[in-house]
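Below is one structure; the comments refer to it alone.
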Amino acid sequence: MYYPNFFKRLLSSLIIGGQAINFIFRGKISKNDLFDQLMESGPGSLLIVLITGIAAGTVFNIQVASQLTSMGVSSEIGGLLAVGMAREMAPLLTATLMTGKVATAYAAQLGTMKVTEQIEAITMLRTEPVQYLVVPRLLSMVIMSPIQCLLFLSVALWSGQIWSTIFYKVPPIVFWTSVRSGNVSLTTTDLTSMLIKSVVFGLIISIIACGYGLTTKGGPKEVGTSTTGAVVMTLVTVSLMDVLLTQILFG
């Protein structure tokens, strides 16, 4: 039976991801490599996450706050922004940003190592490539994704509050009261679901990016193909998983 190439590579990525998770549970983690990857997936991606968070909070005011103000319910702006961001926009947009910034780097790095036979050299040194290359990348994404998501939410809320006050004269105390205890307010369940989504998305991003990198075949030209394929597959998989998680958590 013939299987499309993307299906084969996705299956290979899942197998590689399973091996990496097995190494993690067995405690076979290089702290130095993990620190390097945490820096790449954390501070290295911070600026774009913050800028997009500010933009998201501002756009919310342009699209929604004006309508709520005209309807006389401006006191609910903060709660609606917080719930919308926590349940959906923050984890999904953060995953999209991390895909563009981190997944491309992972796929390109590992793909280049594969076509230049560095992976074979690592194997000849009796080092397991998945343990050495995939484990720190996977673990760093699982750690940093929820942190980046929380930063995104925080910046978006502060941006929404500032612009609501400037453009629609909503007092800061009214905005933050709505976030905490309005008719539509942010709850512990919303934050928990956001963190669950971000961890799952981080896992997906790292597994697919590393899997596509390690399954690269051919010459340097194929590195670009693998990187593009990893990004497309990651975005599709994250979107489908988002639908499933939303149904499970809020359905």
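The values are calculated or read from the model by the stated rules, or taken from the named source; none is laboratory data. The structure presented is a predicted model; accordingly, all values stated were derived computationally and were not measured. As a convention, Cβ positions derive from the backbone with ideal geometry for all residues, glycine included, and neighbour counts pool all protein chains shown. Only protein heavy atoms, including side chains, enter the accessible area calculation; ligands, DNA and RNA are left aside. Shrake-Rupley method; radii C 1.70, N 1.55, O 1.52, S 1.80 Å.
Of the residues in the range 213-251, how many are open to solvent by 70 Å² or more (accessible area, probe 1.4 Å) and among the aromatic types (Phe, Trp, Tyr)?
The number of residues fulfilling the criteria is 0.
I'd like the residue in the range 91-127 that is closer than 12 Å to Leu214 by Cβ and of a type in the set (D, E, K, R) and, out of all such residues, is surrounded by the most Cβ atoms within 10 Å (Cβ to Cβ).
Filtering the range 91-127 for residues that are closer than 12 Å to Leu214 by Cβ and of a type in the set (D, E, K, R), the one surrounded by the most Cβ atoms within 10 Å (Cβ to Cβ) comes out as Lys114.
Within the range 51-72, take every residue that is over 22 Å from Leu150 (Cβ atoms) and among the small types (Gly, Ala, Ser) and give me the one that is most open to solvent (accessible area, probe 1.4 Å).
Restricting to residues being over 22 Å from Leu150 (Cβ atoms) and among the small types (Gly, Ala, Ser), the top hit is Ser70.
Given the residues Ser193, Ser181, Ser239, Ser185, which is the only one that is in contact with a Ser or Thr (Cβ under 8 Å, 6 or more places away or on another chain) and polar (S, T, N, Q)?
Ser185
Condition (residue is in contact with a Leu (Cβ under 8 Å, 6 or more places away or on another chain), touching a residue at least 40 places away in the same chain (Cβ under 8 Å) and farther than 19 Å from Ala107 by Cα) applied to the range 18-31: is it met by at least one residue?
Yes, the range 18-31 contains a residue that is in contact with a Leu (Cβ under 8 Å, 6 or more places away or on another chain), touching a residue at least 40 places away in the same chain (Cβ under 8 Å) and farther than 19 Å from Ala107 by Cα.
Pick from the range 193-212 the residues that are of a type in the set (Gly, Ala, Ser) and crowded, with 24+ Cβ neighbours inside 10 Å: which of them is farthest from Met98 (Cα to Cα)?
Filtering first and then ranking leaves Gly211.
Quick check on Gly17: is it open to solvent by less than 80 Å² (accessible area, probe 1.4 Å) and more than 18 Å from the chain's Cα centre (by Cα)?
No, not satisfied.
At least 3 residues that are more than 19 Å from Ser178 (Cα to Cα) and modelled with pLDDT under 90 in each: list the helices (runs of 4 or more DSSP H) lying fully within the range 55-101 that qualify.
Here the list is empty.
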